[in-house]
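The values are calculated or read from the model by the stated rules, or taken from the named source; none is laboratory data. These figures come from a predicted structure and were not determined experimentally. In this analysis, Cβ positions are derived from the backbone assuming ideal geometry, glycine residues included, and neighbour counts consider all displayed protein chains. All accessible areas refer to the heavy atoms of the entire protein, side chains included, with ligands and DNA or RNA removed. Shrake-Rupley method; radii C 1.70, N 1.55, O 1.52, S 1.80 Å.
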Amino acid sequence: MDVDMESQDTRDIASRIVTPGSVITNDTAFMRGHGTFAERTTIYSSVAGAVERINKLVSVRPLKQRYSGEIGDIIVGRITEVASKRWRVDVNSRQDGILLLSSINLPGGIQRRKSESDELQMRTFFAEGDLVFAEVQSYFADGALSLHTRSLQYGKLRNGTFVTVFPQLVPRSRSHFHTLPCGVDIVLGVNGYIWVSKHVPASKVEENSELIYSDKNEFISDDERETIARIANCIHLLNRLYVKITDTSIIFAYEASLTHAVKDLLTREIAIDLAHNVKTRLEQQS
Amino acid sequence: MASLILSPAEQDFIIRGVEKGFRGDGRGSLDRREVTLRTGMISQANGSARCRIGSLGVGTDILVGVKAEVNTWAAGEPEECGTIVCNVECSPSAAQEFEGRGADEINVELTQLLDRIVGGEQSGLDLRKLCIIPRQAYWVLHIDALVLDVKGGVADALVWATRAALLATKLPRVVVESVTDDSGVARAEFDVVDDAEDQMGLEGARDLPLAATFNQIGRRYVVDASEQEEAVTQAKLTVAVSPKMEICAIQKGGMLKGFAPSLLSEITQTALRIAKEEFARFDALFAEASKHNGELDEEPSTGSTFLEPF
């Protein structure tokens, strides 16, 4: 009998969509988790999203939220300020992330302690507005993210264009750097910042490590430019129609979009049609 | 907007794209984004419109309301015509830098632009028709615009929304009669007819201009710049063209660099060339919007409702 009651509760509470202020439960047996608040004995939702329940803990997963970082996340950020021995980085989160001077690689891959002269030429590494590809290393005491770029694949981004999406649409996965078959590199930042660029072989940067901090773009041909624009528009439409953004969904959208001109991809009918197409293909696959 | 700083690599990518005539979202130099238009959004106003420039539910979003008021004539004011008062405000919800006093400068710039375009005879509106009794009473049209979202091309959206709002504006009819008072002196008196059916549109509203903003990027220029493109714009020029293909107003803005005189005349010629297309597009959208006119769709909401116009 008791077990029966339990499953009844589960059905009632979990997998429900709520809006701010909706009553989740009057049962005092539950504890309030994230996205909820309690008044007297009632638990209400404080966000719009899906109710989740783990044993006695009730929480609401918001449909839309700011990025909250986890250690090991691969993200794209934009430098907002050069401070002493550190850069402040916009990471689409509640507060700016921090990239310490000691957490970057020096050009040429020299391993040494950063000196005062490095501190004076911080802008030659990263200046305001620059986009960085980095990994979350740890948290600071106030919850700010500490980033690092201590790998050859991380560093400054160039040769392409920047797209912003909802962070919850980018799932954490094994790899966030992809070279698509159409000859375009994408960096899917878990924080919802995405970089779409011309494919540059990794060996090229390894040979010439000065390129890590270069601001100069490579030569980009008209065809490459069109493919970059097409991929960027595909990502934009997937985002607007709330489809998961992974290398697979982007490739599906790209393939389906080939019958349309790049500038038409964002018109309402075509976008809905393409997103629907991608959703069906993703379902078939899984 | 001003707060958007791009990296040198992104700037270079955009500038070279523009110089090749292929922009970041696949458009050519003179291609414009999708426009959504609705009229009759504010029931208390005499006319109102909302315009969004941008695709898939994101873009520059502007709400314009026109309110007519009767004013008593005072010495020094024009004797036989009405007036138009413009005011543009950028909402802090549109961009963070508009918070507090941050929007003051752009508010002034846009108000001045709107005033330059529709504030006088050049707008095509017959201001004499706004006079009720010479040297006694006249109509004042208050045009109030609220910028709700900024994603590039605010000036264009502003003029589109204003034109739609003024076209949708209905003024109550005014009856003027001659009254003779006790001392035998005849004077005119008027009465505003309070009847929703008995209203008329503005005289000359069909002659109102539309505007296109040209952004100089690198050695070329583009119309309807996106937010990123505006961040690398060296100079911009807003040109308002009437349906009679006359240039009514020009305003420069965001000058990091001057325009070469040859480029300036090329731009005005282009403005005239594309104006015809613009008016055709406006007319189609306005006719569609007038059909709905403030009514909400009966259809139930679906997952992609936000893609619907507002």
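Measure of size requested: the Rg and Dmax of the range B:103-258, with Cα atoms as the atom set and Å as the unit; please supply both.
20.4, 75
When all protein chains stay in place, what accessible area (Å², nearest 10, 1.4 Å probe) is found for B:Val108?
100
If the range B:8-294 were replaced by its equivalent ellipsoid, with semi-axes equal to the square roots of 5 times the Cα gyration tensor eigenvalues, what would those be, largest first, whole Å?
Details: eigenvalues 311, 71, 60 Å².
The answer is 39, 19, 17 Å, longest axis first.
Across the residues of B:21-28, average count of Cβ atoms on other protein chains within 10 Å? Each step should come with its number before you reach the end.
On the way: counts 1, 6, 4, 10, 10, 14, 5, 1.
Average neighbour count from other chains, rounded to a whole number: 6.
State, in square angstrom and to the nearest 100, the accessible area buried between chains A and B, both chains counted, probe radius 1.4 Å.
Working: alone 15690 and 16000 Å², together 29200 Å².
In total, chains A and B hide about 2500 Å² from solvent.
Stretch B:Asn87-B:Asp207 to full length: gain in nm at 0.36 nm per residue minus the Cα-Cα span?
Numbers: separation 120, 0.36 × 120 = 43.20 nm, distance 2.12 nm.
Value of the extension gain: 41.1 nm.
What does the average come to when, for each residue of peptide B:134-140, you count the partner chain Cβ atoms lying within 10 Å of its Cβ? Provide the component values of the computation, followed by the final result.
Values: counts 0, 0, 0, 0, 0, 0, 0.
Mean number of neighbouring Cβ atoms from other chains: 0.
Length gain on complete extension for the stretch A:Ile17 to A:Glu128, per 0.36 nm per residue less the alpha carbon to alpha carbon distance?
Values: separation 111, 0.36 × 111 = 39.96 nm, distance 4.09 nm.
Result: 35.9 nm gained on full extension.
By average Cβ neighbour count within 10 Å, what is the ranking of B:220-230, A:226-236, B:265-275 from highest down? Write out the running numbers ahead of the final one.
Values: B:220-230: 21.8, A:226-236: 23.7, B:265-275: 16.2.
Sorting B:220-230, A:226-236, B:265-275 by mean packing, highest first, produces A:226-236, B:220-230, B:265-275.
At B:His142 and A:Thr28, where each label point lies 7 Å from the Cα along Cα→Cβ, what is the point-to-point distance in nanometres?
5.5
What does the highest-first list of B:127-134, A:278-285, A:189-196 look like by mean Cβ count within 10 Å?
So the order, starting with the most tightly packed, is A:189-196, B:127-134, A:278-285.
At 7 Å along Cα-to-Cβ for each site, give me the label-to-label distance between B:Lys291 and A:Arg113 in nm.
7.5
Quick one: if you stick a label point 7 Å off each Cα along the C-beta vector at B:Ile247 and B:Arg220, how many nm between them?
Result: 2.2 nm between the two label points.
Taking every DSSP beta bridge that has both residues in the protein assembly as shown, what percent is antiparallel when rounded to the nearest 5?
Antiparallel bridges make up about 90 percent of those DSSP assigns within the protein assembly as shown.
Hey, can you find the accessible area per residue of chain A for me, probe 1.4 Å, expressed in square angstrom?
Details: 14500 Å² over 286 residues.
Accessible surface, normalised per residue, equals 51 Å².
Is it possible to state the helix-based mean residue ellipticity at 222 nm for chain B, with each DSSP H run of 4+ residues giving -39500 (n - 2.57), the sum divided by total residues, to the nearest 500 deg cm²/dmol? What is it?
Numbers: 5 runs with 79 residues, N = 310.
It comes out at -8500 deg cm²/dmol, rounded to the nearest 500.
For A:Lys263, go through the lysines and keep the ones whose alpha-carbon is under 24 Å away, minus same-chain ones fewer than eight residues off.
Output for A:Lys263: A:Lys198, A:Lys244, A:Lys279, B:Lys20, B:Lys151, B:Lys236, B:Lys276.
Mind pulling up the Rg/Rh value for chain A? Radius of gyration and Kirkwood radius, both on Cα.
Values: Rg = 22.5 Å, Rh = 21.4 Å.
Radius of gyration over Kirkwood radius for chain A works out to 1.05.
Between A:Glu226 and B:Gln269, what is the FRET efficiency for a Förster distance of 45 Å, r being their Cβ-Cβ separation, to the nearest 0.05?
Values: r = 29 Å, r/R0 = 0.64.
After rounding, the FRET efficiency stands at 0.95.
Enumerate the residues in the range B:157-172 having an amide nitrogen under 12 Å from the point lying 7 Å beyond the Cα of B:Arg281 toward its Cβ.
Within reach of a label on B:Arg281: B:157, B:160.
Expressed in nm², what is the orientationally averaged projection area of the convex hull enclosing the Cα positions of the protein assembly as shown?
Working: hull surface 149.7 nm².
Hull-based average projected area comes out at 37.4 nm².
What net charge do the residues around A:Asp247 carry, taking every other residue with its C-beta under 14 Å from that of A:Asp247, with Lys and Arg at +1 and Asp and Glu at -1?
Numbers: positive: A:Arg172, A:Arg174, A:Lys244, A:Arg281; negative: A:Asp185, A:Glu255.
Local charge sum for A:Asp247: +2.
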